[in-house]
Amino acid sequence: MFSSRNGILHVEEVDFREIVKKTGTPVYVTSKRLIEENIKELRKRFDFAFPLYAVKANNNLTVMKIFANEGFGADVFSIGELYLALLSGFKRDAVLFNGNSKSDDEIRAGIRAGVKFSVDSMDELYAISEIASQEGEEVEIAFRVNPDISPETHPKISTGLKTSKFGIPSGRILDAYRTALKLSNVTPTGIHCHIGSQIINPDPFVEEIEKMFEIAFQLENIGIDLEFLDMGGGFGIDYQNDGKCRFESFAEPLREAFEKGLERIESKPDLWIEPGRSLIANTTVLITRVNSVKKSYYNFVAVDAGFNTLLRPAMYDAYHRIAVANKMDEKVEEIYTVTGPICESGDILGRDRRLPRVERNDYLAIFDAGAYGFVMGSQYNGRPRCAEVLVDGSEFHITREAESIADLVAKQRIPEEMFR
Ligand code: LLP
């Protein structure tokens, strides 16, 4: 869906320069067709599982609406994500409200919305029961279990280690369910787990499913029939090459583990998955304009997107492929370090990149920026957030306008006495 036509990057049928003329830079550009391809591939390989779209990966309403229309459920992690999910049309009974630190307001909003909860602590369990009684509602819950599994990924995105802040340790999980059975207005119907993100090896997922069935087996002994086992997301993509997720490499081992697990228990829970990155990362390119090129210790290309726009390289040393969007066919001539405009030395988008000769006012394309891209952006250094665009064939839509300088002050008030 990204191609070079006469050396100019096209997203589907659209010349990137047409977009930039309307939105300025930086701008996130998403291919609708690529989202649809990813969904098709996921459905083909994971026909034994029900997918919830992980809203945290990309909460652009138009993107979310595509997943809602395709019948996905939604994994939401805050009252804001809950609101966005309802607005974009996800069915309430297929929304799971996750999170390790939910406020009373968030719990009440989730209960009023009629969604299911992933419960991360006993404090949260008691609060849900109490607020649900006040509201006169029944709430379906799953406990988030901490399975103590090492997913072989970046430590900052490992979530199921025994040292992790998420979930209830598997050794205490039975007691948690026993307590839930005694409380009013809550009904345990599932188990929830998520071991981390950008995981390439399927083995930790297999181990995770086995641990969930071990718990499901014990839960049956205390009279709990499960409707779903939610193994979370985490399927990694190939950032080095094409940005795709090899769904097939996960699907068969997981199908086998799931079918084997079902033989151990009486009830027939559905398997839920919560993919984010694998569905949306490779669909989006970040276009940024070159402000300066200079020879220093390194050969620096300074662009107008920085870690305020795309945090992943600075935060996780993440690798994103970079090309010169208006010189796609020119031969590689130099090795560059691509930096942003932020006043920090860590504001580097890519190191040692082999690119054609880059000049001021060229455009760089940073690939696989659809997951944890815009959503992790900020206004640091007084820089408004950029626009987002969805390309559909030969048309494109601005799905989020760029912020303006006025947005930097939109919520600020200078105390009146300071004007005296
Ligand atoms: N479910 C739960 C409960 C999660 O915590 C996450 C991600 C997902 C699903 C989706 O995982 P995915 O399929 O996207 O791997 N900002 C980091 C990633 C943080 C992931 C947090 N949880 C990054 O840019 O790599």
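The values are calculated or read from the model by the stated rules, or taken from the named source; none is laboratory data. Just so we're clear, the structure is a prediction, and the values are computed from it rather than from any experiment. So basically every Cβ, Gly included, is an ideal-geometry build from the backbone, and we count neighbours across all protein chains shown.
If GLY233 satisfies every condition in (1) more than 14 Å from the ligand (Cβ to nearest atom); (2) not in a helix (DSSP H, G or I) but one, which is the exception?
(1)
Test PHE307 against the stated conditions and say whether it is aromatic (Phe, Trp, Tyr), buried (at least 19 other Cβ atoms within 10 Å of the Cβ) and part of a loop (DSSP other than H, G, I, E, B).
Taking the combined requirement at face value, the residue satisfies it.
Looking only at residues in the range 54-75 that are within 10 Å of the chain's Cα centre (by Cα) and within 17 Å of PHE374 (Cα to Cα), which one is farthest from the ligand (Cβ to nearest atom)? Please lay out each step first, then the result.
Kept after step one, since they are within 10 Å of the chain's Cα centre (by Cα), are these residues of the range 54-75: 54-59, 75.
From what is left, the residues that are within 17 Å of PHE374 (Cα to Cα) are 54-59.
Values: ALA54: 3, VAL55: 9, LYS56: 6, ALA57: 5, ASN58: 9, ASN59: 12 Å.
Residue satisfying both the conditions and the ranking: ASN59.
State the number of residues belonging to the range 187-214 that are crowded, with 19+ Cβ neighbours inside 10 Å and more than 16 Å from GLY232 (Cα to Cα).
1
Out of the residues in the range 162-181 meeting the condition of being of a type outside the set (S, T, N, Q), within 16 Å of the ligand (Cβ to nearest atom) and assigned to a loop (DSSP other than H, G, I, E, B), tell me which one is surrounded by the most Cβ atoms within 10 Å (Cβ to Cβ).
So, considering only residues that are of a type outside the set (S, T, N, Q), within 16 Å of the ligand (Cβ to nearest atom) and assigned to a loop (DSSP other than H, G, I, E, B), the one surrounded by the most Cβ atoms within 10 Å (Cβ to Cβ) is GLY167.
Counting only residues that are closer than 22 Å to VAL11 by Cβ and out of contact with any strand residue (DSSP E or B) (no Cβ under 8 Å at 6 or more places or on another chain), which one in the range 289-322 is farthest from the ligand (Cβ to nearest atom)?
Residue satisfying both the conditions and the ranking: ALA318.
Out of all the residues in the range 1-36, which are in a strand (DSSP E or B), polar (S, T, N, Q) and surrounded by fewer than 21 Cβ atoms within 10 Å (Cβ to Cβ)?
Once the filter is applied, which keeps residues that are in a strand (DSSP E or B), polar (S, T, N, Q) and surrounded by fewer than 21 Cβ atoms within 10 Å (Cβ to Cβ), the range 1-36 yields SER3, SER4.
Looking only at the range 15-51, count every residue that is over 19 Å from the mean Cα position of the chain (by Cα), in contact (Cβ under 8 Å) with a residue 12 or more places away in the chain and farther than 28 Å from GLY71 by Cα and tell me the total.
Summing the residues that are over 19 Å from the mean Cα position of the chain (by Cα), in contact (Cβ under 8 Å) with a residue 12 or more places away in the chain and farther than 28 Å from GLY71 by Cα in the range 15-51 gives 10.
If SER184 passes every condition in (1) more than 16 Å from the ligand (Cβ to nearest atom); (2) surrounded by 15 or more Cβ atoms within 10 Å (Cβ to Cβ) but one, which one does it miss?
Result: SER184 passes all but (2).
Restricting attention to the range 236-288, and to residues there that are assigned to a strand (DSSP E or B) and within 15 Å of the ligand (Cβ to nearest atom), which single residue is nearest to THR153 (Cα to Cα)? Give the steps one after another, and end with the answer.
Kept after step one, since they are assigned to a strand (DSSP E or B), are these residues of the range 236-288: 270-273, 284-288.
Of the ones still in play, those that are also within 15 Å of the ligand (Cβ to nearest atom) are 271-273, 284, 286.
Numbers: LEU271: 23, TRP272: 22, ILE273: 19, THR284: 23, LEU286: 24 Å.
The residue in question is ILE273.
Look through the range 37-53, keep the residues that are more than 12 Å from the ligand (Cβ to nearest atom) and assigned to a strand (DSSP E or B), and return whichever of them is surrounded by the fewest Cβ atoms within 10 Å (Cβ to Cβ).
Of everything passing the filter in the range 37-53, PHE50 is surrounded by the fewest Cβ atoms within 10 Å (Cβ to Cβ).
Restricted to the range 144-161, and to residues that are within 13 Å of the ligand (Cβ to nearest atom) and among the hydrophobic types (A, V, I, L, M, F, W, C), which residue is modelled with the highest pLDDT?
It comes out as VAL145.
Applying the selection to the range 354-390, what residues are touching an Asp or Glu at 6+ places or on another chain (Cβ under 9 Å) and β-branched (Val, Ile, Thr)?
Passing the criteria: only VAL358.
Kindly indicate the residue of the range 191-214 that is more than 9 Å from the ligand (Cβ to nearest atom) and assigned to a loop (DSSP other than H, G, I, E, B) and also nearest to LEU125 (Cα to Cα) among those meeting that condition.
Ranking the candidates gives ILE195 first.
Give the range 66-94 a look and list any residue that's among the charged types (D, E, K, R) and closer than 14 Å to GLY110 by Cβ, or say none.
Result: ASP75, GLU81, ARG92, ASP93.
Check whether at least one residue in the range 79-88 is in contact (Cβ under 8 Å) with a residue 40 or more places away in the chain and surrounded by 18 or more Cβ atoms within 10 Å (Cβ to Cβ), and report yes or no.
No, there is no match, as no residue in the range 79-88 is in contact (Cβ under 8 Å) with a residue 40 or more places away in the chain and surrounded by 18 or more Cβ atoms within 10 Å (Cβ to Cβ).
Here is a list of conditions, (1) modelled with pLDDT under 95; (2) within 23 Å of ALA402 (Cα to Cα), and ILE280 meets all of them except one; can you say which number that is?
The one condition ILE280 does not meet is (1).
Can you report the number of residues in the range 367-386 which are within 13 Å of the ligand (Cβ to nearest atom), in contact with a Phe, Trp or Tyr (Cβ under 8 Å, 6 or more places away or on another chain) and assigned to a loop (DSSP other than H, G, I, E, B)?
Final tally of qualifying residues: 4.
Right, VAL358: loosely packed, with under 15 Cβ neighbours inside 10 Å, of a type in the set (A, V, I, L, M), over 26 Å from the mean Cα position of the chain (by Cα) and over 28 Å from ILE237 (Cα atoms) or not?
Numbers: loosely packed, with under 15 Cβ neighbours inside 10 Å: no; of a type in the set (A, V, I, L, M): yes; over 26 Å from the mean Cα position of the chain (by Cα): yes; over 28 Å from ILE237 (Cα atoms): yes.
No; evaluated as a whole, the condition is false for this residue.
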